[in-house]
Each structure stands twice: as structure tokens, then as C-alpha cells.
Amino acid sequence: MLGSSAAVRYGYSTARVKVMESRLIDAKTMNELISAKEVGAVITKLLQTDYRGDLETFGGVNIRRRHVDFALSGNMARSLGKLIRIAPVGERKIMRSILGKYALYNIKLAIEAKDKKKNYEDIEEFVVDFGQYGKAAIRDAMREDSVEGIISRLEINSPYRSILHQAVESYKKTHYADDALFAIDKGYYATLSKAILALRRINSESARIIKKDIDSVNLMLLIRAKRLGIKFNAVENSLIENGSTNIQQLMQLYNGTSDVESFVSEIKEFDMKRSLVQYRKNRHLIAFEIAMKNRVLQEGMKLLKHSMLSFGTLLAYVYMKEIEVYALRIAINSKAYGLSQEELSELMTWKQ
């Protein structure tokens, strides 16, 4: 899409995204947050940013550690949800596919709660009040007397109807909530995989980054499986199609290595040298997750940030927002991950 036609198609979206970008945390502030020695200092600093309203919902400076993640998630879901509304009409379906994991979060929360015989009031504080599946929709759905009833109710007039239909059919077979949740995750990634095909026609760089994102999800799943000594065929059905590395290649890589270190050493899509050093020190898998997440997000920002007047402009914001929230989570939970300040600085980079 070039010239004046691109300006007409993406002019409004680009202008809105630039305003949203201006509200992201800048590099100086992020470095201060990452360097903070106590969680309280991080929260105090965040109260001076766009996260203030979300943190105050959970108590502001007195927010409990367990609630911080919900505040961050709520802010990200609302921010990214705006992209669906401002995207060109013909591309909203693609954007909805990419952001589906945030829209489906509340539904998964409701399913788990109903399965555990909990009421809406038990989960209300964790529900992200945004979009079609905000507090009102989840409250109404949880009046149903079963998991099946909740999913069927939310399936009505839903843009994720096919995903929810798969979930309810899976649940009917076993009556296990985990099967419904797995069907939702699998359905989301199936739609994401299809979105790549559509993206190739309008913005090939966007398609490339999403394929890289799929690679990171697949590899992290296999790293965890390798640590547990699980056979490849036991996890194969959970792998996502259309990544840069196909399923056959992943199988060969997995079956050709004996442990986590040898498996990670053979990964070519990501530079894992530093994370391997960190893993050998404390045996925490978070080092690999951070390394791949950083690479995906930074590559996405690098390739797409300057992609003006195209779908890439919108997708660049998705990655900038995700890396912002991811960095904040790492900063807040670094002690739980067993990361020293030096190790944190090496692994959690921030480039904007």
C-alpha cells in the first residue's frame, strides 16, 4: 500500500498510535524501574505513569504483590484493545486475531472459577473490565450453573465464536475445565497462524515477526518438556503451526538432543549464549524465556517502528507495549526468579 492510498487507509490509525506511543514509559524511567531495589520503589515510580489508574484500582501504594500483575494486564488489555477500533475496517479481523489472547483472558478466568465452584464475587477483582467480555458480561455469564453454560452464553454473537465452540465441544467430551482452556488456547493460536497468511499480502514484515513469536512459544514449550523428560509425541499436539521452524524440524531438534542444555545449544533462531550461562548458575528456565521474548519484541520494534502508513505501524505498538509490561514484570519479580541486579541488566534490555 503506497502513496496517497496508504495515507488515506492508515493516516488516522498512524496518528492515533503515535499518541499512544507517547504514553509509553521512556528508556530513562524504565532503567530506573529495573534498577530499583524494592518493589515499593517500583510501584511509587509507576504511579507517576500511565499505569496510575490501574494501580489505584488495587490500592495504589498499598497494592498487594499478587495484584500488581492484574493491574499491568488490565492496562495492557485496554491499550491494545484500542488498536482493533482504530485499525482500517478491512484489517480489524487480523488485529482481533493477534490480540485474541487478551480478549479471551476473562473467559478463561470464568471457566476456571465455575469449575472450582466459585462465584463471580470471588474473581471480580481479577476481571479486566474492558471490551465485549468485561465485568458485566462475565458477571452475567457466571450466573449459568455450569462451565458448559458459561461458554455457550459467551459464544453468542462472539467474534471468537469458532474458538468458544471448540471449547464447549471439548468440555462436553470430558467435563474437564482444563480441556476447555486448552481448546481456547489452541483455537487462538490456530487463528493467529491463519492471520499470518493474510498478513503476507498486506505487510510481509508483520507476518515475519509473528512467525518469530510463534517460534518462541513452541521452543519454550519444548524446553520445559525436555526438562521433564517428556517424549516429543506427548507435546506435539500443543505446538503451533506456521512458525519459522516447522513441526518436523522441531521434532528432529528435540529428538536429537539429550537434555535442556544440549537442546538450547542447538537452537538457531535465537541467540541463547547468555541465557545458557544464567541457566547453569541457577537452573531457572526464566532465562530462556527472557532471551527469546526480548529478541522477538526488539526485532519487532526494529523492523516495524519505522514502517509508516502500514499495518506494521499498529503491530509495532503491540510489541512496544508488550515489552514494556514484560520488563515491568521482570523488574518486580526479579528476586523470585533468582536474578541478581547484574544478571537482570544483562537479560532485560530496553530499547525504544
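The values are calculated or read from the model by the stated rules, or taken from the named source; none is laboratory data. Computed from a predicted structure; not experimentally measured. Cβ placement follows ideal geometry from the backbone for every residue including glycine, while neighbour counts extend to all protein chains displayed. Side chains are part of the model used for accessible areas, which takes the heavy atoms of the whole protein and leaves out ligands, DNA and RNA. Shrake-Rupley method; radii C 1.70, N 1.55, O 1.52, S 1.80 Å.
Assign one of three labels to region 67-140, namely rounded, prolate or oblate, based on the Cα gyration tensor with a ≥ b ≥ c the square roots of its eigenvalues; rounded applies when a/c is under 1.5, prolate when it is not and a/b is larger than b/c, and oblate otherwise. Taking the square roots of the gyration eigenvalues as a ≥ b ≥ c, region 67-140 is prolate.
Please give me the summed charge of the neighbours of Ser258: other residues whose Cβ is under 14 Å from its Cβ, Lys and Arg +1, Asp and Glu -1. Before the final figure, lay out the partial values.
Values: positive: Lys226, Arg227, Lys231; negative: Asp259, Glu261, Glu266.
Local net charge: 0.
The modelled label-to-label distance for the pair Arg224/Lys194, using points 7 Å beyond Cα in the direction of Cβ, is 2.6 nm. For region 75-219, the square roots a ≥ b ≥ c of the C-alpha gyration tensor eigenvalues yield an a/c of 1.5 or more together with a/b exceeding b/c, which makes the shape prolate.
Structural size metrics of region 201-326, computed from C-alpha coordinates, are Rg and Dmax of 15.4, 47 Å. Per-residue ellipticity at 222 nm from helix content only, as computed over the chain with -39500 (n - 2.57) for each DSSP H run of at least four residues, stands at -22000 deg cm²/dmol.
So, in Å, what gap is there between the alpha-carbon centers of region 136-194 and region 1-78? So the two Cα centres are separated by 30 Å.
Looking at the square roots a ≥ b ≥ c of the eigenvalues of the Cα gyration tensor of the chain, which shape do they give, rounded for a/c under 1.5, prolate if a/b is larger than b/c, or oblate? Verdict is rounded for the chain. Surface exposure of region 199-290, expressed per residue as accessible area with a 1.4 Å probe, stands at 52 Å². Carbon-plus-sulfur accessible fraction, the chain (probe radius 1.4 Å, protein heavy atoms only): 49%.
Given the pairs Lys93/Lys212; Lys173/Lys212; Lys82/Lys173; Lys28/Lys186; Lys18/Lys114; Lys28/Lys116, which span a C-alpha to C-alpha distance of over 32 angstrom in this model?
On the way: Lys93/Lys212 21 Å; Lys173/Lys212 34 Å; Lys82/Lys173 36 Å; Lys28/Lys186 38 Å; Lys18/Lys114 41 Å; Lys28/Lys116 44 Å.
Exceeds cut-off: Lys173/Lys212; Lys82/Lys173; Lys28/Lys186; Lys18/Lys114; Lys28/Lys116.
Select from the chain the helices, each a whole stretch of DSSP H, whose alpha-carbon atoms run 18 Å or more along the helix axis and whose Kyte-Doolittle mean is at least -0.5; answer none if there are none.
Details: long enough: 3-21 (24 Å, -0.16); 65-86 (34 Å, -0.07); 161-174 (20 Å, -0.84); 177-202 (38 Å, 0.40); 204-228 (37 Å, 0.05); 286-304 (26 Å, 0.43); 311-333 (33 Å, 0.85).
Counting only whole DSSP H runs, the qualifying helices are 3-21, 65-86, 177-202, 204-228, 286-304, 311-333.
Across every pair of non-identical alpha carbons in region 1-126, the mean reciprocal distance, once inverted, gives a Kirkwood radius of 17.2 Å.
Ranked by the mean number of other Cβ atoms within 10 Å of their residues, highest first, the peptides 214-221, 37-44 come out as 214-221, 37-44.
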